Amino acid sequence: MFDYSIVHWMTFLSAAVLLNLSPGPDIAFILGQTLRSGRRHGIAAMLGIWSGASLHVVMAAVGLSAILATSALAFSVVKWIGAAYLIWLGVKMLLSKGDSFISSNEGGSLRIQSVYWQGVLVSALNPKVAVFFLAFLPQFVVEGAGSAGAQLLLHGSLIVVVAAFIEPPLVVAGSKLGAFLRKNKRVGLWMDRSLGALFVALGARLAASTK
């Protein structure tokens, strides 16, 4: 079971690395939260994104993602919910006064929990991720290496594992940069504005996307 060649693993892992390095809402959310609130919030955002991605992996393994790939209505519903959520996050940042860049321990644990669930939603409500997994993972299913569902689950899980090697250094670097930026409230204000505009743009791009 799971008997693959070296070429298979090299091809898959290369694709997984490129996938995790590609810019998108997930990376933007992780870096945004790290810059705004520090390393702990960046880690919470990262764990939330991983949880949302894991949900997509399970959906692909059991075939639920096929619904999004074949049903225009289902794809559109999830797409518009996801786009609205990204735009809502962006508007909140645009309307802020830069206060999110001022360190505060009050309500820290609640804030971290909130960031985690926001990360879950940012990833889970992106139907393009579900469709991508459904199109990408089957290419690495090898006849005789195990059940298709088990192979999909294995390869999808490994994509999240690869992310665990790539994204933590981004959080560390972002936390150092964020610590510098948070010393100046004016810089914090413009950083909120920039991040807000980025999320609105990402939401608009998702809304305009097709399968």
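Reported count of residues in region 7-55, each being under 14 Å from residue 114 (Cα atoms), modelled with pLDDT under 90 and among the small types (Gly, Ala, Ser), is 1. Restricted to region 94-114, and to residues that are hydroxyl-bearing (Ser, Thr, Tyr) and in a helix (DSSP H, G or I), which residue is modelled with the lowest pLDDT? Filtering first and then ranking leaves 100. Within region 20-31, the residues that satisfy the criterion of being in a helix (DSSP H, G or I) and either crowded, with 16+ Cβ neighbours inside 10 Å or among the hydroxyl-bearing types (Ser, Thr, Tyr) (or both) are 20, 25, 26, 27, 28, 29, 30, 31. The set of residues from region 115-158 being in a helix (DSSP H, G or I) and polar (S, T, N, Q) comprises 118, 123, 139, 151, 157. Across region 4-16, a minimum of one residue is classified as small (Gly, Ala, Ser), under 16 Å from the mean Cα position of the chain (by Cα) and part of a helix (DSSP H, G or I).
Quick check: is even one residue across region 174-182 more than 19 Å from the chain's Cα centre (by Cα), at pLDDT 75 or above, surrounded by 14 or more Cβ atoms within 10 Å (Cβ to Cβ) and part of a loop (DSSP other than H, G, I, E, B)? No: region 174-182 contains no residue that is more than 19 Å from the chain's Cα centre (by Cα), at pLDDT 75 or above, surrounded by 14 or more Cβ atoms within 10 Å (Cβ to Cβ) and part of a loop (DSSP other than H, G, I, E, B). Just one residue in the set 77, 91 is modelled with pLDDT of 80 or more and of a type in the set (A, V, I, L, M); that residue is 91.
The values are calculated or read from the model by the stated rules, or taken from the named source; none is laboratory data. What you see is a predicted model; the values in this text were computed from it and never measured. All Cβ positions, glycine included, derive from the backbone under ideal geometry; neighbour counts span all protein chains shown.
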